[in-house]
């Protein structure tokens, strides 16, 4: 999974038709609404260790699209002494005690796309000046919707897809270490690998969302950066 990293913010966003607040389908969020995108702790799924407030771009039966703006306040895991997780050697990265901290998403914003039953979401990244960089397929548990957002569990393994349609696996070493540390079972490993192959098949066929033109999308400049609520880790007791 991509962590919070420091970088420059994107240039002025260019609005597109339909990007502002509008009517929602029954049981769905309207464009412009703010919700939470959360991940449970792999070591203790009862806890949340990642939370990112996002703005809804589109929410239909087929697709949820949300925008995480530059500077978004978020929650992320760190080691107990405050060291960033990625600086810990891989052999002890998942066994060293952790805690969560509040931070901000540094760098350019991220557009996240998720189809309801897919065991992955697709993230779009841009460089400064809205130069499209890549798609990122984050393999994860199909998202659980509730009144204030969606919850998932990251599956460590990812796929990076480039504008020329090349693709490559990412974080295979972390996936293998998580298996050695007992964070994923053999059955889960097989399921994640199967999900990855299904995603690769869609990439090879160049199906949506890769062929849908989302790289040309721009956020509504009137959207405010969402706030991080104090009870960001509340139980999802109001379900949809």
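Here are some notes:
- Taken over segment 141-158, the residue count meeting the criterion of being closer than 20 Å to residue 68 by Cα and touching a helix residue (DSSP H, G or I) at 6+ places or on another chain (Cβ under 9 Å) is 1.
- Where strands (runs of 3 or more DSSP E) fall entirely within segment 106-200, none has at least 2 residues that are at pLDDT below 95 and surrounded by fewer than 17 Cβ atoms within 10 Å (Cβ to Cβ).
- Residue check for residue 30: within 21 Å of residue 178 (Cβ to Cβ) and in a loop (DSSP other than H, G, I, E, B): no
- Unmet requirement for residue 22, which otherwise passes all of (1) in contact with a strand residue (DSSP E or B) (Cβ under 7 Å, 6 or more places away or on another chain); (2) over 22 Å from residue 130 (Cβ atoms); (3) at pLDDT below 95: (1)
- When we screen 36, 79 for residues that are without any contact (Cβ under 8 Å) to a residue 60 or more places away in the chain and either crowded, with 18+ Cβ neighbours inside 10 Å or closer than 22 Å to residue 228 by Cα (or both), the only hit is 79.
- Which listed residue is exposed (fewer than 14 other Cβ atoms within 10 Å of the Cβ) and within 19 Å of the chain's Cα centre (by Cα), from 227, 222: 227
- Number of the exception - residue 70 against (1) more than 23 Å from residue 217 (Cα to Cα); (2) part of a loop (DSSP other than H, G, I, E, B): (1)
- Of the residues making up segment 84-98, those that are in a loop (DSSP other than H, G, I, E, B), without any contact (Cβ under 8 Å) to a residue 60 or more places away in the chain and under 13 Å from residue 174 (Cβ atoms) are 88, 89.
The values are calculated or read from the model by the stated rules, or taken from the named source; none is laboratory data. In this text the structure is predicted, and so the values were computed from the model without any measurement. Ideal geometry is used to build each Cβ from the backbone, glycine not excepted, and the neighbour counts take in all protein chains shown.
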